[in-house]
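Here the structure comes first, spelled out in structure tokens, and everything after it is commentary.
Values in this text are rule-based calculations from the coordinates and carry no lab data. This one's a predicted model, so the numbers in the text were calculated from it and none came from an experiment. Heads up, the Cβs are rebuilt from the backbone with ideal geometry, glycines too, and the neighbour counts pull from every protein chain shown.
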Amino acid sequence: MKRKRIHLQLVLLIAASFFCPCPAGAAALRFAYASVATPLSGVWAAQEIGAFKKYSLDVQLIYISSSTTNVQALLGGSLDVATPGGGSAVLAVSRGAPISAIGSVMNRPPMTLYVQPEITRLEQLKGQVVGITRFGSTGHSVTTLMLRKLGMAQAVTLRPVGGNPELQAAFEQKMLAGFVTTVRPKAAARSLFNAADLDIPYAMNLITTTHDFLQRNPDTAERLLKAYIEGVGAMVHDKELAARIFAKYFRRNDPGFLEDTYSIVNKFMERTPRVDPRTISTVLEFEPIKGAEADALAAKLIDNSIVDRLVRDGFIERVFGKTKR
């Protein structure tokens, strides 16, 4: 059943691409975001402020709620750009996938372990169910890494429930004792631990394309990153704009949620979206790959050449000022 759903999703995606009206002179790009979550808000912002159009890109934004399916669609030619989680990208490259990560939205996971309000101590999670979206997802990886750090990996049961909206709903219905997320629950919840505080380096989502696309369209890839960086800059500099974007894509406008979400963007979103090679080692800690070495996988996956050029040219400093990160 799951395979049929994935195939149907890809068929609809391919069909939609044939009916995308592309302005003359603009490069048409099919760009997927892998989750309705804060790390990918820079992609939404670039679309909302017209940054893609500014750089002569006709971007069709597509929501595909799975890092694995993002990679499959990219390799199958249904997408030009995908945003899989770091774990999915590393696993794909270890299996020979010809993809390049040209940018990273966040190299530290701003994900928090939320639990039901009656849970006040970590020990109370023993024997309980902790939710994830699906096995192999970014949330699954970060949840597992956090539980290992906390000595709780064998003490709880992980249950996949679908996308982020389904995860939130399952928590609200008390089907889960807790879950790890970038999105504060609507229901009453208690925050126990944050992944960043546990010093877990992890690439939340990588701006990824194929080797062939990058070789044939280096200028398009650079314009894409410029637009994305300007989208992040717009949110950082304009809190009200950021709130409107969050409200639109999350379909939530409660002030506490909007404030928390902006704080995550302001603190964790990479101003210089360079892919950090150290995050490869984190993936291998979670998902050992026979015969794989972090340095070799990093060399195959990571291409920071465009970001490095934008730094040298002063582009990123012009967007963010001297406080760029």
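In percent, rounded to a whole number, the relative contact order of the stretch 112-198 is 51, using alpha-carbon pairs under 8 Å and six or more apart. The packing ranking of peptides 295-301, 33-39, 75-81, highest mean first, is 33-39, 75-81, 295-301, where packing means the average number of other beta carbon atoms within 10 angstrom of each residue. On C-alpha positions alone, give me the angle between the axis of helix 138-149 and the longest principal axis of the chain, in degrees, nearest 10. That helix lies at roughly 40 degrees to the long axis. Gain on full extension, evaluated as 0.36 nm per residue between A299 and N253 minus their Cα-Cα distance, stands at 12.4 nm.
For the chain, the 222 nm mean residue ellipticity estimated from helices alone, with every DSSP H stretch of n ≥ 4 adding -39500 (n - 2.57) and the total spread over all residues, rounds to -14000 deg cm²/dmol. Here the chain yields Rg over Rh of 0.95, to two decimals, using C-alpha coordinates and the Kirkwood radius. Here K126 is the anchor, and the aspartates and glutamates within straight C-alpha reach of less than 16 Å, apart from those fewer than 8 places off in the same chain, are E118. Rounded, prolate or oblate for the stretch 207-294? Axes are the square roots of the Cα gyration tensor eigenvalues, ordered a ≥ b ≥ c, and the cut-off for rounded is a/c under 1.5. Oblate, since a/c reaches 1.5 and b/c is not below a/b. Under 16 Å Cα to Cα from K53, which aspartates and glutamates show up? Leave out anything in the same chain fewer than 8 places away. Cross-link targets: D219, E222, E230. FRET efficiency for the pair R278 and Q154, taken as 1/(1 + (r/R0)^6) with r the Cβ-Cβ distance and R0 = 22 Å, rounds to 0.25. Counting 0.36 nm for each residue step from E172 to R309 and taking away their Cα separation leaves a gain of 44.7 nm.
Relative contact order, whole percent, for the stretch 264-325 stands at 46, derived from Cα pairs under 8 Å and 6 or more residues apart.
Applying 1/(1 + (r/R0)^6) with R0 = 35 Å to the Cβ-Cβ distance of A26 and D199 gives a FRET efficiency near 0.25. Considering only the Cα atoms of the stretch 112-198, their convex hull presents on average a projected area of 4.8 nm².
Loop-located GluC sites (Glu not before Pro) in the stretch 101-184 (DSSP state other than H, G, I, E, B) with a sparse environment of at most 13 neighbouring Cβ atoms within 10 Å: E118. In this structure, the residue pairs whose Cα-Cα separation is over 24 Å, taken from K174/K248; K149/K322; K186/K239; K54/K300; K226/K267, are K174/K248; K149/K322; K54/K300.
With contacts taken as Cα pairs under 8 Å at a separation of at least 6 residues, the chain carries a relative contact order of 25 percent. Extension gain for R318 to R216 (0.36 nm times residue separation, less C-alpha to C-alpha distance): 33.9 nm.
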